Amino acid sequence: MASYRALCRLHLRGQGSFMTCVQKAHICVSRSVGTKVVATQAEDSGKDEREEKAGPKSLSAFLVERQEQAERSVLISCHPKTSEKKFLKYLSRHGDIKKHFFYDSYGTYAVVEFSTQDGVRSLLDAAVIPSVSHESAVPFKSRLLSLRTTGAVNQSDQQPGLQCRPQSTVPISELIQTLARQETVDQQIMCLTQAYQLTEENSRLRFLVCSLLKDIAAAYFPECTVKPFGSSVNGFGKLGCDLDMFLDLDDISGRDVQTPKSSLSVEYQMKRATSERAVTQSILSVIGECVDQFGPGCVGVQKILNARCPLVRFSHQPSGFQCDLTVNNRVALKSTELLYLYGLLDRRVRLLVFSVRCWARAHSLTSSIPGAWVTNFSLTVMVLFFLQRRSPPIIPPLDHLRQLAGPADRSVIEGNDCTFVSDFSKIQLQTNTETLEQLLNDFFEFYSTFPFGKMSINIRKGKEQNKPEVAPLHIQNPFETSLNVSKNVNSSQLERFVALCRESAWLLQQRDAPPGRGRRRDPPGLGTGHPAAAVPGGRSQKSKEKEKGTGHANASRVY
Ligand code: GTP
Ligand code: MG
């Protein structure tokens, strides 16, 4: 702890330390797809206005729309010097193109969305089998194609590269300059979110990868769909986040079957297994094998079948996404839907979650590697809980959303009640006008004094509850209520979290201190206020009092 404090003090040296801190944050997003976009944006701006009038779209409507677009899309590897005009002219022979964009990820790729599926079919009919001289190719045809150029349309070095607008995360130096220009922490938070959030194109690419995966799984399960969940769709995703998806076999699972009215009927004979988990494992084992052996662009396939939630993990090289494929993960989709809904209820929810996720990543409180650290999902639930505890609350508890649910919202999954309202207009929010800066500061204060030793975080009730088990951090799973979503977190990780909250609150408060009483002279927010830069570095009088026992429990005392 002493060496940790020493390290914290080093961070206080000002802008240099801020740079280091944000650079860390930058590293964590740098594996994002460097998407370059040339898209027909005009139609989208009109669409935004229409959507604003219609109110927010439900997650299921959003999923349907994006899935449908993905089904009409192809992914084409092409030379960076390809003539865009010729490329589009060639593709247009197969059908109208609704949207297209280019991006870089281990080469240049184009996502092309046709107006109808006929366009895709025509293009695939025209595609030729690659002539392989040395290796043999697996004869599996997919919508991942390569553009071949010969003779007249040969690329020339003279030709300018594809007219692309880079859409990867902004370079760190640029981000710092942009943040420094902002007058307030609120503006910095908005800038940070703007820079790191998933772009429309990145979102489309995620759905396209799911759709390509579905084509592989459909060899066994023609009625299946592959749906993204988690941060790819819940509104809290950062460029470079993993792609969580699940194979949805609901239509053929035997659930919700209707008893036929006629006296005679036939039913499918299906192989029996010992448990639903065993079925999931065998499906994932086979699909994982197919992805490994036949999936174009899918590399590093690992079958992790003994996990609580069995999965197949792999890298999809053409998109650059790290993918986790599960089966029938309906509870996770419900949590995604809940987070999505909360994120749309008040704009501060998304901005605060985003800032806290970035802050946590910059301080290595979270990691893409599984371990004893807090996950982004747990962090998000912590932010939601904090917002439920405001006075007046910014968002309602899950139990309240359950009370507002109509019959169509009723959902019981594996015995867990996952019912909550889906109609946004039924949710009445109380008036709370707190600024993001105040919320961020109070978030850090709230968790630096939270009685983790005794209490559990419970977004269903919107109130802390007595801890039902001895885990250092207890966050009740909103739907599988007997589970703790932060069971993996050990005491030293929680201690780090609490210490960083305390120090970050202190740093933010320095901005408000009157001049001459220790107030720092940095530009507004820089190095102090910026969420990813709210580095540990000193202890306020308040914090010290807490440590002496005059305030709430401190990090080392909590446990
Ligand atoms: P990042 O991938 O870190 O950006 O965030 P994420 O929200 O996608 O988290 P993650 O990939 O770890 O998990 C994907 C989704 O699975 C989450 O959004 C949740 O819906 C669900 N999930 C994750 N962890 C848990 C857990 O411990 N319990 C339950 N029930 N669901 C979880
Ligand atoms: Mg994820």
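Please state which of the following conditions Asn202 fails to meet, knowing it meets all the rest: (1) within 16 Å of ligand 1 (Cβ to nearest atom); (2) at pLDDT below 95; (3) open to solvent by 20 Å² or more (accessible area, probe 1.4 Å). The one condition Asn202 does not meet is (3).
Step by step: first the residues of the range 299-321, then only those that are modelled with pLDDT under 95 and within 15 Å of ligand 2 (Cβ to nearest atom), then the one that is most open to solvent (accessible area, probe 1.4 Å). Which residue is that? In this case the residue turns out to be Cys309. Total residues in the range 438-494 satisfying the condition of being under 14 Å from Gln388 (Cα atoms), in a loop (DSSP other than H, G, I, E, B) and over 23 Å from the mean Cα position of the chain (by Cα): the figure is 4. For the residues Gln167, Gln187, Gln159, the requirement of being modelled with pLDDT under 90, more than 21 Å from the chain's Cα centre (by Cα) and either within 16 Å of ligand 1 (Cβ to nearest atom) or polar (S, T, N, Q) (or both) singles out Gln159.
Condition (residue is within 15 Å of ligand 2 (Cβ to nearest atom), assigned to a helix (DSSP H, G or I) and either crowded, with 19+ Cβ neighbours inside 10 Å or not hydrophobic (A, V, I, L, M, F, W, C) (or both)) applied to the range 232-245: is it met by at least one residue? Yes, there is a match, as at least one residue in the range 232-245 is within 15 Å of ligand 2 (Cβ to nearest atom), assigned to a helix (DSSP H, G or I) and either crowded, with 19+ Cβ neighbours inside 10 Å or not hydrophobic (A, V, I, L, M, F, W, C) (or both).
In the range 99-121, the condition of being part of a helix (DSSP H, G or I) and open to solvent by less than 70 Å² (accessible area, probe 1.4 Å) is met by at least one residue.
Among the criteria (1) free of Cβ contacts under 8 Å to residues at least 40 places away in the same chain; (2) away from ligand 1 (no atom under 16 Å from the Cβ), the one Tyr447 does not fulfil is (1).
The residues on offer are Leu208, Leu175, and the sole one that is within 26 Å of the chain's Cα centre (by Cα), modelled with pLDDT of 90 or more, in a helix (DSSP H, G or I) and surrounded by 13 or more Cβ atoms within 10 Å (Cβ to Cβ) is Leu208. When Ser262 is tested against the conditions (1) polar (S, T, N, Q); (2) open to solvent by 50 Å² or more (accessible area, probe 1.4 Å); (3) in contact with a strand residue (DSSP E or B) (Cβ under 6 Å, 6 or more places away or on another chain), the lone failure is (3).
Note on the range 365-387: residues that are within 18 Å of Leu344 (Cα to Cα) and open to solvent by less than 10 Å² (accessible area, probe 1.4 Å) total 9.
Regarding Leu249, is this residue open to solvent by less than 30 Å² (accessible area, probe 1.4 Å) and at pLDDT below 95? So Leu249 passes the test. Residues in the range 280-298 that are closer than 19 Å to Leu145 by Cβ and of a type outside the set (Phe, Trp, Tyr) were compared, and the one that is most open to solvent (accessible area, probe 1.4 Å) is Pro296. Can you go through Val112, Val74, Val64 and tell me which one is modelled with pLDDT of 85 or more, among the aliphatic types (A, V, I, L, M), within 28 Å of Gly240 (Cβ to Cβ) and touching a Lys or Arg at 6+ places or on another chain (Cβ under 6 Å)? Just a single option satisfies the conditions, and that option is Val74.
Note on the range 211-220: among residues that are in contact (Cβ under 8 Å) with a residue 40 or more places away in the chain and of a type outside the set (S, T, N, Q), the one that is most open to solvent (accessible area, probe 1.4 Å) is Tyr220. Scanning the range 141-153 for residues that are open to solvent by 50 Å² or more (accessible area, probe 1.4 Å) and modelled with pLDDT of 90 or more gives Lys141, Ser146.
Among the conditions (1) surrounded by fewer than 22 Cβ atoms within 10 Å (Cβ to Cβ); (2) within 15 Å of ligand 2 (Cβ to nearest atom), the only one that Arg347 does not satisfy is (2).
When the test is whether a residue is more than 12 Å from ligand 1 (Cβ to nearest atom), under 21 Å from the mean Cα position of the chain (by Cα) and over 30 Å from Phe314 (Cβ atoms), Leu404 does not pass it. What do you reckon, is Ala362 open to solvent by less than 10 Å² (accessible area, probe 1.4 Å), more than 15 Å from ligand 2 (Cβ to nearest atom) and more than 13 Å from the chain's Cα centre (by Cα)? The answer is yes for Ala362. The listed residues are Lys467, Lys454, Lys461, and the only one of them that is open to solvent by 10 Å² or more (accessible area, probe 1.4 Å), touching a helix residue (DSSP H, G or I) at 6+ places or on another chain (Cβ under 7 Å), of a type in the set (Lys, Arg) and more than 16 Å from ligand 2 (Cβ to nearest atom) turns out to be Lys461.
The values are calculated or read from the model by the stated rules, or taken from the named source; none is laboratory data. Computed from a prediction, not measured in an experiment: that's the story for all the values here. Glycine also receives a Cβ, built like all others from the backbone with ideal geometry; neighbour counts cover every protein chain displayed. For accessibility, only protein heavy atoms count, side chains too; no ligands or nucleic acids. Shrake-Rupley method; radii C 1.70, N 1.55, O 1.52, S 1.80 Å.
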